[in-house]
1. Of all residues in region 32-79, which are over 13 Å from the mean Cα position of the chain (by Cα) and polar (S, T, N, Q)?
2. Tell me which residues, restricted to region 53-83, are closer than 21 Å to W31 by Cα and of a type in the set (V, I, T).
3. Listed residues A41, A70; which is under 24 Å from T105 (Cα atoms) and modelled with pLDDT of 90 or more?
4. What residue, among those in region 111-126 that are of a type outside the set (A, V, I, L, M) and farther than 16 Å from T73 by Cβ, is modelled with the lowest pLDDT?
5. Hand me the list of helices (runs of 4 or more DSSP H) wholly inside region 1-103 holding 3 or more residues that are out of contact with any helix residue (DSSP H, G or I) (no Cβ under 9 Å at 6 or more places or on another chain).
Amino acid sequence: MATSAKAALVSVGALAGAVITILTTFTIVGWTASQTALVTAESVAVVGLASAVVADLWPDTKREPVALAATFTAALSATIALGSGFGWWNLSAAQTSALVSLVTTVIGVGTALGARQLVTAGVTPK
């Protein structure tokens, strides 16, 4: 991947961190410490997913289906946690845990199987 694309992705991550810091430090938003952590986790997961997509699709780079699968799962799990933390839906703690577990399992297994189709495994050396 070109250095400029890598630099742009790193800059987006740094910018997200700076924006979150400004929003919370100057009390522009009324987030709790937990909500701030959830927003930070979501931004990191989304930037990670974007980085994996760009790296996977960039010309003359290796395909990275496992990185895509992992970052997709992380972004989806972070979004569910974010929604719970901000009360976007009314689920009990047990229901939220069950939802995160189910989604993580289904997406994790599904993306792993998909990634496995794109990866050629070699024999482990002795």
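The values are calculated or read from the model by the stated rules, or taken from the named source; none is laboratory data. In this text, all values refer to a predicted model and were calculated from it rather than measured experimentally. In this analysis, Cβ positions are derived from the backbone assuming ideal geometry, glycine residues included, and neighbour counts consider all displayed protein chains.
1. Answer for region 32-79, where residues must be over 13 Å from the mean Cα position of the chain (by Cα) and polar (S, T, N, Q): T32, S34, Q35, T36, T61.
2. T79, I80
3. A41
4. Restricting to residues being of a type outside the set (A, V, I, L, M) and farther than 16 Å from T73 by Cβ, the top hit is T124.
5. Result: 3-25.
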